[in-house]
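To start, the structure itself, in structure tokens.
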Amino acid sequence: MPRFIAFYCLTLLAIQGCASPKWEAPSTVVPPAKLRELVRQDEARLAGIDSPRHQSHTYFGVDVSGENPLAAIGHVIWSGPARLLRFTSGETPVKWATEMEDAHSPDNRREGIVNLAQNRFARKDPYTRRYEQIGKSDPEYLVRGAAMRALNYSRSREGTELFMAGLDDGEALVRVEAAKALANVPVEKAVAQLIAHLQKDESRDVRIACADALRNYKTIDVARALSAVMTDRDFGVSWQARESLRLMTGHDFRYDEGAWLGYLARESKPFG
């Protein structure tokens, strides 16, 4: 009897094993719908605030892109009284342009640049050319950073040389603004600098911005550099590197550096 019971149990286990579905590794492919959305968002980001998409959602000078209809209507209605209030209080583009040229006050220059760049007309030449000049020559690093931010917001290529120089600035804030600008205004010549700062910059924020900017360059060297920080001591750097690689390749190996490097080694066309 004990032998019969043992035989019965073994037979039952064998039948259950045959009936069980075969284990398969989870797919590393980013779902097509998700990848299309990631690409769409990235294209909109690179195009900037003055892209046709934003202009088509601008009413009476108010950009309501992404807002629900009720919020958009309220935003447009309030824009009239808001403009009148700013005008009567002296908060006008003329004031901001004057502040931008205030040789005695770095704070005024910085605030003038930031406020002026909120206006569409001030995100074009000759204003962008002036931002670039200030970014190169101003002795105050906060002002230089504000000038880079204005050029970035304008998606202006006036400042490409300025952005590259800014990556090596002694002030971390300027390096951050330079890397953020290169994330939105790609410059092929900046790749080596971006990789170097991703690997060794003392500022966590600079390294994160560099990981973001490198998504624009679909090369093996860039992908390997991003893979190499998957287990970085600063998780924010690893997270951003993973996001960049997902967009570049259409795959997701999470934070497994070996899996990313293996994929790059075996695939003849690793970039989606």
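Is it fair to say residue 214 is under 12 Å from the mean Cα position of the chain (by Cα), surrounded by fewer than 22 Cβ atoms within 10 Å (Cβ to Cβ) and not polar (S, T, N, Q)?
Considered against the rule, which asks whether it is under 12 Å from the mean Cα position of the chain (by Cα), surrounded by fewer than 22 Cβ atoms within 10 Å (Cβ to Cβ) and not polar (S, T, N, Q), residue 214 comes out as no.
If you go through segment 2-55, how many residues are modelled with pLDDT under 55 and within 14 Å of residue 247 (Cβ to Cβ)?
0
For segment 94-123: of the residues being touching a Ser or Thr at 6+ places or on another chain (Cβ under 8 Å) and of a type in the set (D, E, K, R), which is surrounded by the fewest Cβ atoms within 10 Å (Cβ to Cβ)?
99
Residues in segment 90-125 that are farther than 30 Å from residue 52 by Cβ and of a type in the set (Val, Ile, Thr): how many?
Here the count works out to 1.
Within segment 56-110, can you find the residues that are at pLDDT 95 or above and hydroxyl-bearing (Ser, Thr, Tyr)?
Selection gives 98, 105.
How many of the residues making up segment 155-183 are more than 19 Å from residue 202 (Cα to Cα) and either outside any helix (DSSP H, G or I) or of a type in the set (Val, Ile, Thr) (or both)?
Number of matching residues: 3.
If the requirement is being on the phi > 0 side of the Ramachandran plot and not charged (D, E, K, R), which of these qualifies: 250, 236, 258?
250 is the lone residue from the list that is on the phi > 0 side of the Ramachandran plot and not charged (D, E, K, R).
The values are calculated or read from the model by the stated rules, or taken from the named source; none is laboratory data. No experiment lies behind these values; they were computed from the predicted model shown. Methodologically, a virtual Cβ is constructed for each residue, glycine included, from the backbone with ideal geometry; neighbour enumeration extends over all protein chains shown.
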